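S.K.: Just passing along the structure, written as structure tokens.
The values are calculated or read from the model by the stated rules, or taken from the named source; none is laboratory data. Note that this is a predicted model, so its numbers are computed, not measured. A quick note on method: Cβ atoms are made from the backbone with ideal geometry, for glycine too, and the neighbour counts reach across all protein chains shown. In case anyone asks, the SASA skips ligands and DNA or RNA and just uses the protein heavy atoms, side chains included. Shrake-Rupley method; radii C 1.70, N 1.55, O 1.52, S 1.80 Å.
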Amino acid sequence: MSGGDSPVKRESSLSADVDNDRPDVLSAAELAEGDVGTRAMITGAKALRRSPSKDTAYAVALKKALTKDRHQTRSGKGRGAPKKRGAGGKGVWGKLGDELGVDAFTTDIHDPNYDSDGQDEYRLKSVRPEITEDQYKQFLEEMFHEYFEHGDTIEVIESIKELKLNDKLLQKTVQVLINLALDRKATVRELSSVLISDMYGSLLSQDVISKSFAGILSDLPDLTIDAPEAPTVVGQFMARAVADDCLPPKFVSSFKGAVESSEAMVALEKAEVLLSLKHGIVRLDNVWGVGGGIRPVKTLMKKMVLLLKEYLSSGDVKEAIRCLLDLEVPHFHHELVYEVGNQLLLWLELYF
């Protein structure tokens with residue numbers, strides 16, 4: 001070909017320059033022995049050749065790329081060794097033997113490295129988070145509603161004991177109980193008085209109960225808004241508590257003249273009247289009356305007979321129904337039907 005050497009001659013010239021003139025450049029034989037990636041780079045270099053001088057430059061650059069240490073920095077500095085001796089990088093646990101230098105101290109008795117001799121200066125203590133006043137009130141309301149259904153005082157006392165409360169929070173126990181019983185029937189009030197009596201000594205001290213009633217007296221103006229009979233009912237609760245030895249006998253007299261609200265004065269006067277009655281302490285056991293299933297069967301039978309006689313004489317159906325509901329003994333209503341049958345038989349014998 002005219003105008004220059006042929007490609008065959010240029011390739012021969014490149015091979016001669018690499019083999020003879022530049023011993024630091026890879027020979028054609030060395031390049032031929034490379035891997036697939038190397039042969040691809042050679043093919044690319046051949047495609048870009050334009051002159052013998054450029055061919056030599058490409059060959060030199062190719063040798064440098066093939067012989068460069070991949071661990072060496074771009075600036076050429078450094079030892080070229082693997083970083084951190086092969087122990088670095090994300091998700092790597094370290095070199096072999098690094099686990100021997102780890103501190104084996106542990107406080108878990110189930111850990112194989114646990115050493116009981118080194119535990120003297122460590123003491124583990126369980127800490128119970130303190131309950132707030134609002135949380136305790138909510139807990140009491142839910143528990144007392146259940147108590148009014150089952151009447152088990154031991155269960156209530158044990159549930160409160162588990163909380164390990166201080167006296168300040170325990171004062172709210174009687175207050176919440178009486179507040180719930182203010183607008184309830186006599187049966188619930190009787191259950192409340194029984195619970196206060198059972199909590200005294202086993203859970204509440206006399207001082208705590210006294211402070212609870214003092215708090216109720218101060219709250220009476222607000223309680224009267226929702227329960228107009230609250231002063232009278234609180235006075236009955238105080239008198240019953242004195243009769244059960246939950247309050248000291250001087251409690252009522254110590255507050256007379258020391259309160260400002262008229263509602264508190266009414267409550268104290270009611271308690272004083274009940275305590276001053278002849279055999280008042282004994283009678284206060286029935287301050288709420290004997291209600292519901294607590295009544296003896298003979299008493300309930302007499303109540304049913306009396307109710308029927310009053311109805312026969314007056315003919316007032318609504319009053320008879322009201323008296324029947326006030327007895328709070330739906331399980332004993334069959335006795336009223338029985339007495340009606342008896343009265344009917346007596347009437348037939350007399351007139352027929």
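S.K.: Please go through the range 97-122 and give me each residue that is part of a loop (DSSP other than H, G, I, E, B), at pLDDT below 65 and surrounded by fewer than 10 Cβ atoms within 10 Å (Cβ to Cβ), ordered by number.
M.R.: From the range 97-122, those part of a loop (DSSP other than H, G, I, E, B) are 97, 102-115, 119-122; that's our starting set.
Going one step further and asking which of them are at pLDDT below 65, we end up with 97, 102-105, 119-122.
Scanning the range 97-122 gives G97, V102, D103, D120, E121, Y122.
S.K.: Closer than 25 Å to K256 by Cα, of a type in the set (A, V, I, L, M, F, W, C) and either open to solvent by less than 30 Å² (accessible area, probe 1.4 Å) or assigned to a helix (DSSP H, G or I) (or both): which single residue out of L217, L169, L180 fits that description? Walk me through it before giving the result.
M.R.: Details: L169 fails: closer than 25 Å to K256 by Cα; L180 fails: closer than 25 Å to K256 by Cα.
Checking each option against the conditions leaves just L217.
S.K.: Of all the residues that make up the range 248-273, how many are open to solvent by 30 Å² or more (accessible area, probe 1.4 Å) and either part of a helix (DSSP H, G or I) or among the hydrophobic types (A, V, I, L, M, F, W, C) (or both)?
M.R.: Residues flagged as open to solvent by 30 Å² or more (accessible area, probe 1.4 Å) and either part of a helix (DSSP H, G or I) or among the hydrophobic types (A, V, I, L, M, F, W, C) (or both) within the range 248-273 amount to 13.
S.K.: Evaluate the range 221-231: report whether one residue or more is within 34 Å of the chain's Cα centre (by Cα), in a helix (DSSP H, G or I) and under 30 Å from R128 (Cα atoms).
M.R.: The answer is no, given that none of the residues of the range 221-231 is within 34 Å of the chain's Cα centre (by Cα), in a helix (DSSP H, G or I) and under 30 Å from R128 (Cα atoms).
S.K.: Here is a further query. Since D226 meets every condition but one in (1) open to solvent by 40 Å² or more (accessible area, probe 1.4 Å); (2) within 30 Å of E162 (Cβ to Cβ); (3) not aliphatic (A, V, I, L, M), which condition does it not meet?
M.R.: Going through (1) open to solvent by 40 Å² or more (accessible area, probe 1.4 Å); (2) within 30 Å of E162 (Cβ to Cβ); (3) not aliphatic (A, V, I, L, M) one by one, D226 breaks only (2).
S.K.: If you take the residues of the range 203-214 that are under 13 Å from L169 (Cα atoms) and among the hydrophobic types (A, V, I, L, M, F, W, C), which of them is most open to solvent (accessible area, probe 1.4 Å)?
M.R.: L203
S.K.: Assess whether E130 counts as being open to solvent by 30 Å² or more (accessible area, probe 1.4 Å) and in a loop (DSSP other than H, G, I, E, B).
M.R.: So E130 passes the test.
S.K.: I'd like to check something: does the range 286-300 contain any residue that is open to solvent by 30 Å² or more (accessible area, probe 1.4 Å), among the hydroxyl-bearing types (S, T, Y) and under 26 Å from Q171 (Cα atoms)?
M.R.: no
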